[in-house]
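Asks: Structure below; questions to follow.
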Amino acid sequence: MKIDDTKNLLSRRHFLFNSGMAVGGLAFSKLLHSNLSTVPHFSPKVKRMIYLFQSGGPSQHDLFDYKPLLNKLNGEELPDSVRQGQRVTGMTAGQRSFPLAGAQFSFKQYGESRAWMSELLPYTAEIADEICFIKSMHTEAINHDPAITFFQTGSQQAGRPSIGSWLSYGLGTSDKDLPEFCVLLSNGTGKLNAQPLYSRLWGSGFLPSLHQGVQFRSGKDPVLYLNNIPGIDAQTRRAMLDAYHKIQESQYQSEQDEEIRTRIAQYEMAYRMQTSIPDVMDVSNEPDYIYEMYGPDSRIPGTYAANCLLARRLLEKGVNFTQLYHRGWDQHFNLPRNLSNQCKDTDQASAALVKDLKQRGMLEDTLVIWGGEFGRTNYSQGKLEMGNYGRDHHPRCFTIWMAGGGVKKGFSYGATDDFGYNIVKDPVHVHDFQATLMHLFGIDHEKFTFKHQGRYFRLTDVHGKVVKDVLV
């Protein structure tokens, strides 16, 4: 073959390769656009969501699911007919005795809805008629990390996109000055050395990385690596980004890799956030009555109360999904003291957030969720003592609550048996819960998929149904 023929062949190959990549890129862009153009699938009932995730597993028996039989039978053995040989954790599997532990806190009914709540939640009791309780949640996961991962990503195995990432991807991003998906963390006083939380819980998984959650921190740098280094001003940064944009766009034209443009978008978002973050983090203009509503901790950056207040500010600035994680609900021992402390961390601020959104006219199209990864056992872990007990993990049934747009007010759904061990009415699986959240945003969870490694994935994996009875 002559040299000229080789050059022509190479040129033809180069042309066909580039043309194929261009056509592939157009097809991908069209497919992506087509997917987004069909979302929402129907009229949404909410525009925004704040998820108050209580990491560790709050005890439903001591907070929401009133079971007087446990108090009557306090200290007696959990009947085999109730347990039915169900799985327990390694922490109690070796126990010879499973003594029933009645709640050592008084319960009352509140509001017109007559919802039962513990004395540990006096502020939440004030919003009883705004709350939709689900008392029949259940999950397969029995340990913290897989259980939290399951709630946040729809799978017990790490690597899937989080709820916030799915919503960001499905509902689309815009040229806002803040991310679509923000994350705030706080540590409770209910348990020292609480279970760790990993950034993959708000990761984008196999979705474009633009849709991952952005973690906010208290202190000098609310978002890591956002500020310019010494010697670099805003004008220089802008010039650097413009040059970087040209280089990356050239690379995109060559490779047609959508992640390249995602990277460009992230740099541009970071540049805008250099101005927007100081503004949203500056709470000095909040009036005193707001601090009084959220409680004294709201003046301390990084606390749960301060994060609830910040979450409201983020929503006002256009953020659609804000996730709060609060650690410390894992009361295996010394529950009466530690659970009391944990509720003091969270009760007032949780209720204040709902009240605050309502007074601003934002609650009607905002969904607020409160709950953890599983519940607690009706029996004591370890020895049951006078005035002291602990509870192990219990995935069979637990309680969460929601308030705001699209859900019924002053309503309780589902029921457990008199022992609070098994569900006897209207069970709600984790995937059912996730399907319902998607529905409120106008998304059909079965149609909303992403192809990865030859398979179409969705948040609810292969099952899940919308719990229509809790919707208005």
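Coordinate-derived values only; no laboratory data. Worth saying up front: this structure is predicted, and the values here are computed from it rather than measured. Neighbour counts run over all protein chains shown; Cβ positions are idealised from the backbone, glycine included.
Asks: Hey, rough spin-label estimate for residue 337 and residue 422, points 7 angstrom out along Cα→Cβ, what's it come to in nanometres?
Replies: Once both label points are built, they end up 3.7 nm from each other.
Asks: Of the options 228, 348, 107, report the single residue whose Cα projects farthest towards the positive end of the charge dipole of the chain (beta-carbon charges: Lys, Arg +1; Asp, Glu -1).
Replies: Working it through, the farthest residue towards the positive pole turns out to be 228.
Asks: Efficiency by 1/(1 + (r/R0)^6): what FRET value for residue 251 and residue 447, r their Cβ-Cβ distance, R0 = 30 Å, to the nearest 0.05?
Replies: Given R0 = 30 Å and the Cβ-Cβ separation, E is 0.35.
Asks: Additional query: Select from 208, 187, 146 the residue farthest towards the positive end of the dipole of the stretch 83-231; place +1 on Cβ of Lys and Arg, -1 on Cβ of Asp and Glu, and compute about the Cα centre.
Replies: Comparing the listed Cα positions along the dipole, 146 ranks first.
Asks: Counting Lys and Arg as +1 and Asp and Glu as -1, what is the net charge of the other residues whose Cβ lies under 14 Å from the Cβ of residue 149? Walk me through the intermediate numbers first.
Replies: Details: positive: 160, 200; negative: 140, 145, 373, 461.
Local charge sum for residue 149: -2.
Asks: For the stretch 456-466, what does the Karplus curve 6.51 cos²θ - 1.76 cosθ + 1.60, with θ = phi - 60°, yield as ³J(HN,Hα) per residue in whole Hz, taken in order and with x for Gly and Pro?
Replies: Each residue of the stretch 456-466 in turn: 8, 9, 9, 4, 8, 6, 10, 7, x, 9, 6 Hz.
Asks: Length gain on complete extension for the stretch residue 462 to residue 240, per 0.36 nm per residue less the alpha carbon to alpha carbon distance?
Replies: On the way: separation 222, 0.36 × 222 = 79.92 nm, distance 4.55 nm.
Separation in residues times 0.36 nm, less the Cα-Cα distance, equals 75.4 nm.
Asks: Also, I was wondering about something else. Only four residue types carry charge here, +1 at the Cβ of Lys and Arg and -1 at the Cβ of Asp and Glu. Report the dipole size of the chain about the Cα centre in Debye, rounded to the nearest 20.
Replies: Working: 51 positive and 50 negative charges, 165 e Å.
Computed about the Cα centre, the dipole is about 800 debye.
Asks: Return the FRET efficiency for the residue pair residue 106, residue 206: r is the Cβ-Cβ distance, R0 is 56 Å, and the value is rounded to the nearest 0.05. It would help to have the intermediate numbers written out before the result.
Replies: Working: r = 49 Å, r/R0 = 0.87.
Rounded to the nearest 0.05, the efficiency is 0.70.
Asks: Shifting gears a bit: Where nothing but the Cβ of Lys and Arg (+1) and of Asp and Glu (-1) is charged, how large is the charge dipole of the stretch 55-207 around its Cα centre, in debye to the nearest 20? Intermediate results must be reported in sequence, preceding the final value.
Replies: Numbers: 12 positive and 15 negative charges, 101 e Å.
Computed charge dipole of the stretch 55-207: roughly 480 debye.
Asks: Over 30 Å between Cα atoms, which of 176/447; 135/176; 358/451; 191/425; 317/465; 47/468 qualify?
Replies: Numbers: 176/447 27 Å; 135/176 38 Å; 358/451 39 Å; 191/425 33 Å; 317/465 33 Å; 47/468 18 Å.
As for pairs spanning more than 30 Å Cα to Cα, those are 135/176; 358/451; 191/425; 317/465.
Asks: Per the Kirkwood treatment, what hydrodynamic radius in Å, one decimal, follows for the stretch 66-143 from the mean inverse distance over all distinct Cα pairs? Working shown, then result.
Replies: Values: mean 1/r = 0.0657 Å⁻¹.
Every distinct Cα pair counted, the radius reaches 15.2 Å.
Asks: Another one. So how much slack lies between residue 455 and residue 193, counting 0.36 nm per residue of separation and subtracting their Cα-Cα distance, in nm?
Replies: On the way: separation 262, 0.36 × 262 = 94.32 nm, distance 3.91 nm.
Difference between extended and current length: 90.4 nm.
Asks: Taking neighbour Cβ counts within 10 Å as the exposure measure, how do 294, 267, 51, 456 sort from fewest upward?
Replies: 456, 267, 51, 294
Asks: Using Cα pairs closer than 8 Å and at least 6 residues apart in sequence, work out the relative contact order for the chain, in percent.
Replies: On the way: 920 pairs, mean separation 135.9, N = 472.
With pairs under 8 Å counted, the relative contact order is 29 percent.
Asks: Name the residue farthest towards the positive end of the dipole of the stretch 241-397 from the options 318, 382, 361, assuming +1 on Cβ of Lys and Arg, -1 on Cβ of Asp and Glu, about the Cα centre.
Replies: About the Cα centre, the residue reaching furthest to the positive side is 382.
Asks: Once you compute Rg and the Kirkwood Rh from C-alpha atoms, what is the Rg to Rh ratio for the stretch 277-366?
Replies: Working: Rg = 14.1 Å, Rh = 14.0 Å.
Expressed as Rg/Rh, it is 1.00.
Asks: Pull up all non-local amide H partners of residue 98: gap of 5 or more, or a different chain, and H-to-H distance under 5 Å with H placed in the peptide plane.
Replies: Those qualifying (amide H under 5 Å, at least 5 residues apart or on another chain) are 78.
Asks: Using Cα centres only, tell me the gap between the stretch 134-156 and the stretch 213-281 in whole Å.
Replies: 34
Asks: Roughly speaking, what is the stretch gain from residue 409 to residue 281, that is 0.36 nm per residue apart minus the C-alpha to C-alpha distance, in nm to one decimal?
Replies: On the way: separation 128, 0.36 × 128 = 46.08 nm, distance 3.18 nm.
Full extension from residue 409 to residue 281 adds 42.9 nm.
Asks: No solvent, one uniform scatterer per C-alpha: report log10 I(q)/I(0) for the chain via the Debye equation at q = 0.11 1/Å, two decimals.
Replies: Calculated log10 I(q)/I(0) at the listed q: -0.91.
Asks: Is it possible to state the helix-based mean residue ellipticity at 222 nm for the chain, with each DSSP H run of 4+ residues giving -39500 (n - 2.57), the sum divided by total residues, to the nearest 500 deg cm²/dmol? What is it?
Replies: Numbers: 13 runs with 174 residues, N = 472.
After summing the helix terms and dividing by residue count, I get -12000 deg cm²/dmol.
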